[in-house]
């Protein structure tokens, strides 16, 4: 776990999200967890790779987030890929409902972190990239890297 600039302790990051999606809007949400899940998060045993959020009945839920079982727990350990409820204000949920009804928008978790002893999820309202968009991004990144290398040689 690393500490960010904004005073939070980073648990996990979804690195593929910025490669696979155009990020339009970012918001912070709380998450409802069990005790063994929090202990596993403190050990960094979580994967956000194929996770996404969905709105059902006016509530937001996180799907596909894998939190490994806590090894020191007894019989009452948690289910690793259970659906977890996200905590947002009602006006934020209404805004998200309007946005996600538009074609191509989805809710993707970018990272999990501790802020003030509570676990927070950074959710992104995102549009999926096409294959040619991904290739273009890679091309631009490599050109910038080459330019930095050339500038470093000159000075």
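FYI, it's all coordinate maths here, none of it is from the lab. Keep in mind it's a predicted model, so treat the numbers as computed, not measured. All Cβ positions, even for glycine, are placed from backbone atoms using ideal geometry, and neighbour counts span all protein chains on display.
What is the helix-to-structure angle for 90-100, meaning the angle in degrees between its Cα long axis and the longest Cα principal axis of the chain, kept from 0 to 90 and rounded to the nearest 10?
Taking the Cα atoms of the chain, the angle to 90-100 is about 50 degrees.
Once label points are set 7 Å from the Cα along Cα→Cβ at both residue 140 and residue 9, what is their separation, rounded to one decimal in nm?
Inter-label distance under the simple model: 3.6 nm.
With a 10 Å Cβ neighbour count serving as the proxy for reagent exposure, in which order, fewest first, do 153, 118 appear? Each step should come with its number before you reach the end.
On the way: 153 7, 118 13.
In order of increasing Cβ crowding within 10 Å: 153, 118.
Any idea what angle helix 131-154 forms with the longest principal axis of the chain, computed on alpha-carbon atoms, 0 to 90 degrees, nearest 10?
The helix 131-154 is inclined about 60 degrees to the chain.
Given R₀ = 30 Å, FRET efficiency for residue 133-residue 77 by Cβ-Cβ distance, to 0.05?
0.15
Note down the relative contact order for the range 2-129 as a percent, whole number, built from C-alpha pairs under 8 angstrom at least six residues apart.
Relative contact order for the range 2-129 comes out at 36 percent.
In what sequence do 152, 134 fall when counting other Cβ within 10 Å, fewest first?
Fewest to most other Cβ atoms nearby, the residues stand as 152, 134.
How large is log10 I(q)/I(0) at q = 0.22, 0.27 Å⁻¹ when the Debye formula is applied to the Cα atoms of the range 35-96, each weighted equally and without solvent?
One equal scatterer on each Cα of the range 35-96 leads to -0.88, -1.08.
What list do you get for 12, 65 if you sort them by fewest beta carbons within 10 Å?
Numbers: 12 21, 65 25.
Ordered by Cβ neighbours within 10 Å, fewest first: 12, 65.
Largest first and in whole Å, what are the equivalent-ellipsoid semi-axes of the range 47-155 based on the Cα gyration tensor, each being the root of 5 times an eigenvalue?
Each semi-axis is √(5λ); the values are 35, 22, 14 Å.
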